[in-house]
Structures are given as structure tokens and as C-alpha cells.
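S.K.: Supplied in C-alpha cells, the structure appears directly below.
The values are calculated or read from the model by the stated rules, or taken from the named source; none is laboratory data. Every value quoted in this text rests on a predicted model; they were computed, and no experiment measured them. Neighbour counts run over all protein chains shown; Cβ positions are idealised from the backbone, glycine included. The area values use the complete protein model at the heavy-atom level, side chains included, leaving out ligands, DNA and RNA. Shrake-Rupley method; radii C 1.70, N 1.55, O 1.52, S 1.80 Å.
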Amino acid sequence: MKKTFTLILLLGCIFRASAQTNSPVTNMMKADAEKLKADSIKKADSIKKAMETATPLGYADFSWVNGQNRQSSKLLDNAYFTGDFTFDMNYTQSNNHPNDDLVTGSTALARNGEVDVSMIAIGGDFHYANVRGRIMLQYGTRATEVPRNDYSGYRGLYDLPDAYRYISEGYAGYHFDVWHGINVDMGIFMSYIGLMSYNNFENWSYQPSYTSDNTPWFFNGVRVQLFPSVKTKIELWFINGWQSYGMFNKMPGFGFAYVTQPNQRTKIISNNYFGTDVAGAPDVKRYHTDNSVEYLYFDAAEKKGTGIKRAAFTFTADFGFQDGTAPGNVVYSPFGKNASNFMSAMAYHRIWFGDQAKWGWTIGGGVMSNPSRYLAIVPPGLATDSFIAASTPGSKMAGWDTSTTIDYNPNQFLTIRFELVHRFMDIPYFDGPGGVTTGPGGNGYTTNPQANSNQNSYIPNPPTIVNAQGQTVPNPNFIPFDLVKADSRFIVALIARF
């Protein structure tokens with residue numbers, strides 16, 4: 001009897017619950033669920049539409065990326081022209097205190113112990129219908145530093161280093177409305193090899209590590225940019241050569257870049273190059289691959305008040321080599337006694353902190369091995385010719401560097417930077433107390449540049465030469481210089497960009 005009563009009670013509860021499914025409360029719950037589903041579909045459609053119309057590689061906040069402009073707006077921007085102006089000034093001091101106030105092995109720094117106008121960049125982007133163009137003029141010490149390492153302009157006439165030195169970027173092209181865009185440009189354009197940007201306003205540190213400073217800042221030729229999605233770019237290069245205004249031989253350089261930003265926390269870059277860049281040696285081929293990853297692993301940018309707002313790191317690894325035989329039976333090979341390769345890596349870590357993330361702290365550095373020195377920045381002054389003469393396959397060159405940087409960014413138009421840098425090389429490479437201009441005992445002044453220095457030349461100036469009788473004798477034209485293996489310095493920089 002008790003079991004029968006329990007069964008009847010259970011059936012009654014089930015029937016009652018079933019009867020209540022059409023109650024007003026249940027109907028409201030159903031309506032809310034349907035509304036949430038509809039809102040979710042609407043939001044998904046909105047995101048999809050936004051992604052379809054977003055600027056390629058700009059679909060989210062990537063202001064944290066190293067080597068990319070953090071600005072969200074420009075002061076001068078209209079339907080036809082977007083202005084771009086940078087004023088980059090620095091003061092640096094080395095523990096070596098060279099008597100000629102020069103900085104060696106750098107493209108960001110030029111003068112030691114002096115206030116230096118590194119770069120004033122003036123220009124911008126022109127755009128009308130699908131026609132596009134960009135011109136960036138550069139003035140300051142960088143207009144001398146970067147061209148002096150390109151020897152292709154000394155082949156033939158017209159002094160290409162002087163003709164191009166005041167142009168950091170200059171190209172025109174056409175935009176095709178295919179996929180998310182295809183751009184075809186011709187002229188001088190920036191390189192992505194080495195991760196860091198030519199414009200220090202976009203970087204986490206001021207003095208680039210070896211990997212970045214010894215790889216190209218620019219290419220001269222034709223590029224094709226393809227955007228199959230808003231997250232991916234493929235770029236093809238048909239260029240004169242490796243950071244060269246002209247061609248070293250008869251064959252142009254070829255390369256491509258693959259850039260993807262799969263989400264707002266990650267950026268991956270791969271660059272690859274092939275060319276013949278040993279002057280007068282068309283049978284020597286150069287291959288190079290450069291790969292970087294950037295990752296934002298902590299993001300509290302929307303959080304108010306002080307404290308850490310963001311944290312990210314970058315890692316870059318490069319490998320390149322030259323292979324072939326030059327006139328005089330000079331053999332280049334990837335490894336072995338005639339090694340002509342370039343192996344390097346660098347890593348940086350960045351923290352943004354303070355109210356509105358106005359402060360930043362970066363620490364990092366890198367290593368480089370470069371026998372034959374085929375990508376090395378050539379020391380200036382009297383050291384130039386001896387360094388080039390010693391840059392043969394299998395020669396010695398390896399080093400490491402480290403730096404720490406504090407930034408203050410009161411707004412998106414200004415960066416004030418303080419940096420400590422230490423660099424080491426296993427050969428004498430950095431400007432020593434005696435300088436590279438007049439040699440030890442000199443005062444650093446070059447009173448007769450034509451007689452006393454040869455800053456851009458292939459003419460060797462070693463301490464000894466072989467005379468007509470085959471004897472090794474002192475070089476009567478040799479003037480000593482002072483290079484050392486290490487350099488420690490501090491940098492104070494002010495960079496304004498509009």
C-alpha cells in the first residue's frame with residue numbers, strides 16, 4: 001500500500017511539473033534565452049563584418065608591438081595626404097672616451113659626448129583613388145651613417161650615396177582591390193629583416209642589437225604586398241641587392257616576407273633573401289633567413305591606476321651564408337675554414353607600467369657570429385680599409401650585447417628614453433681612446449681628409465704590404481688607429497613624432 005501511494009505521488013509531481021512548463025516564468029526564460037542567442041549571432045556577425053573591413057594587420061590594438069608605430073592618429077591627415085614627421089635627438093657617452101667623438105658599429109648613434117641630431121624625417125603618404133605613394137626625407141647623422149656602408153654606388157658614376165642619402169623611403173605604386181588588398185610599389189622601401197624599425201620611435205630600445213643593426217634597413221627595387229586576410233601579409237621583393245642603392249653584380253636580389261598576426265597577442269615574421277652581393281664576384285651567392293616572434297603575455301591596459309599594464313617579449317634568430325668562388329680563387333663556403341656565414345639571435349622583454357602605461361622598461365640583448373664579416377658595419381675613418389682588407393672568408397668576428405632601457409611616454413607623440421648598453425666583440429672593433437681619425441697621440445681632428453682618411457673605399461690600408469720583390473714590408477701609407485674589444489655607454493634620447 002505504501003509503495004502504491006509513493007508511485008501515485010511521484011506521477012503527480014511529474015504531471016504538475018509538466019503542466020508548469022507553459023507558466024509565465026518559463027515563457028520569460030525562453031524569451032531571454034532566444035534573445036541571448038540572437039544577440040550572440042548579431043555580435044558574431046558584427047565581429048565578422050568588422051574583420052572583413054578592418055585594416056590588414058590592424059584589426060586590433062597592436063600598439064605594444066616592437067618595431068611598429070604605436071600611434072592611433074596623425075596630426076595631419078586628410079583624403080589625399082597623411083603627414084609623418086620625426087625628430088630624433090640623442091646624447092651618448094662611452095667609457096672609452098674616444099678623442100674624435102665617434103661611435104663605431106652603430107647606425108643609431110654617430111657622435112660621442114655631443115648632442116646629436118640623429119634624424120629629422122619629413123614626409124608622409126599620398127593617396128588618391130587606388131594610387132599611392134610615400135616620401136620620407138631624412139636629415140641628420142643617419143643620412144651619412146647608413147649610406148657609407150653601401151659600396152654599390154661606387155660602381156660607375158653619378159655618386160648614388162649622395163643622390164639617395166636624404167631619402168629614407170620614396171616609392172609610388174597602385175592598390176588592387178583583391179582579397180584584402182594587393183599593393184605593387186617601386187622605389188626605396190623599409191626592410192623587415194632584423195625586427196626593429198628604422199624609426200627608433202617604434203622600438204623598445206635605442207641601440208639595436210647586432211642582429212638588427214647588421215641587417216638591411218632598406219631595399220631599392222620593386223615589392224608586391226599581398227593581404228589574403230586581415231591577419232596575414234605576404235611580401236615579394238625584386239631588388240637591387242642587400243641594402244644597396246645599385247647592384248654589386250649583374251643579378252638582382254630576390255626575397256619574400258611572411259607576416260601573420262593570428263590574434264592580438266601574437267606576431268610572427270619570416271624573411272628570406274637570395275642574391276649576389278660580393279662586389280665583382282657574381283659566382284658567390286648569398287642566402288639569408290630571418291625569423292621573429294612577438295608575444296604579449298599579460299594585458300591589463302584597461303585597468304586604471306598604477307601598476308603593470310602590459311608585458312611582452314620578442315625573440316629573433318637569423319642564419320645566412322655565402323657560397324661560391326670569387327676571382328683569385330677565393331672560396332666562400334657556409335662552414336669550415338672558408339666560412340662566410342652569419343648566425344645571430346636577440347631577445348627583449350618589455351613591461352609597461354604606471355598611469356595610462358606611460359612608463360616602459362626593456363631589457364634584452366643578443367649574440368652574433370660573423371666570420372668573413374660580410375654583414376658587419378664597417379668602422380669609420382682610418383679603420384675602414386684595414387677592416388675591409390681583413391674581411392676574408394674564415395676571418396674572426398663574434399660578439400654579444402646587452403641593454404636596459406627606461407622610457408617615459410607622456411602621450412603618443414613623444415618618447416624620452418634613458419638606456420645603458422654594453423657591447424663586446426672578439427676583435428678590436430669599437431672606437432678606443434685614441435680614436436680612428438688621426439690615430440693614437442692625435443687630437444681627433446682630420447685636417448686633410450683626402451690625405452689622411454679614406455672613409456669609403458675598397459683600397460686596402462693594412463699595416464704591412466707586399467712589395468714588388470714579394471717581401472712583406474711596412475705600409476708607408478698606413479696611419480695607426482685605436483680600436484678596442486668592448487664598449488659601455490649610456491644614451492639619453494628625445495624622439496617626437498607627429
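S.K.: Name all residues of the stretch 332-363 having a backbone nitrogen under 20 Å from the label point set 7 Å from the Cα of K304 along its Cα→Cβ direction, giving them as ranges.
M.R.: Residues 353-359 qualify, since their backbone N sits under 20 Å from the label point.
S.K.: Also: Just order 92-104, 371-383 by mean Cβ neighbour count inside 10 Å, highest at the front, would you? Before the final figure, lay out each step's value.
M.R.: On the way: 92-104: 21.0, 371-383: 23.2.
Peptide ranking by packing, descending: 371-383, 92-104.
S.K.: For the stretch 330-416, report the accessible area per residue in Å² (1.4 Å probe, heavy atoms, rounded to an integer).
M.R.: Numbers: 3140 Å² over 87 residues.
Result: 36 Å² per residue.
S.K.: Using R₀ = 22 Å, calculate the FRET efficiency as 1/(1 + (r/R₀)^6) where r is the Cβ-Cβ separation of S488 and H349; round to 0.05.
M.R.: On the way: r = 21 Å, r/R0 = 0.94.
It comes out at approximately 0.60.
S.K.: How high is the relative contact order of the chain? Use alpha-carbon pairs under 8 Å, at least six apart in sequence, and give a whole percent.
M.R.: Working: 1228 pairs, mean separation 68.4, N = 498.
Normalised by residue count, the contact order of the chain is 14 percent.
S.K.: Note the full-extension length gain between Y139 and A390 as 0.36 nm times their separation in residues minus their Cα-Cα distance, in nm to one decimal. Don't skip to the end; give the middle numbers.
M.R.: Numbers: separation 251, 0.36 × 251 = 90.36 nm, distance 3.22 nm.
Result for the pair: 87.1 nm of gain on full extension.
S.K.: Give me the distance between the Cα centres of the stretch 83-119 and the stretch 308-322, rounded to whole Å.
M.R.: About 25 Å separates the Cα centre of the stretch 83-119 from the one of the stretch 308-322.
S.K.: With r as the distance between the Cβ atoms of F256 and F424 and R0 = 41 Å, compute the FRET efficiency 1/(1 + (r/R0)^6) and round to 0.05.
M.R.: Working: r = 34 Å, r/R0 = 0.83.
E(calc), rounded to 0.05, equals 0.75.
S.K.: Please give the per residue volume of the convex hull enclosing the alpha carbon atoms of the stretch 290-363, rounded to a whole number of Å³. Display every interim value, and only then the final one.
M.R.: On the way: hull volume 7.9 nm³, N = 74.
Per-residue hull volume (Cα only) is 107 Å³.
S.K.: In nm, to one decimal, how far is the I406 label point from the F238 one, both placed 7 Å along Cα→Cβ?
M.R.: For the pair I406/F238, the computed spacing is 5.2 nm.
S.K.: Hey, what's the stretch 198-250 come to in accessible area per residue, 1.4 Å probe, Å²? Please list the in-between numbers first.
M.R.: Values: 1200 Å² over 53 residues.
About 23 Å² of surface per residue is accessible.
S.K.: Then there's this: Zone of N95 (label point 7 Å along Cα→Cβ, backbone N under 15 Å): which residues in the stretch 464-498?
M.R.: 484-491, by backbone N distance to the label point.
S.K.: Quick check: at a probe of 1.4 Å, how many percent of the accessible area of the chain sits on carbon and sulfur atoms? Numbers along the way, then the final one.
M.R.: Values: 15110 of 23700 Å².
Summing carbon and sulfur atoms, their accessible area is 64 percent of the total for the chain.
S.K.: Roughly how large, in nm² to one decimal, is the mean projection of the convex hull of the alpha-carbon atoms in the chain?
M.R.: On the way: hull surface 140.9 nm².
That works out to 35.2 nm², a quarter of the Cα hull's surface.
S.K.: Between rounded, prolate and oblate, where does the stretch 165-246 land on the alpha carbon gyration tensor, with a ≥ b ≥ c its root eigenvalues, rounded for a/c under 1.5, else prolate if a/b exceeds b/c?
M.R.: Numbers: a/c = 2.16, a/b = 1.41, b/c = 1.53.
The shape class here is oblate.
S.K.: Right, next: Label-point separation (nm) for W361 and I182, each offset 7 Å from Cα along Cα-to-Cβ?
M.R.: 4.9
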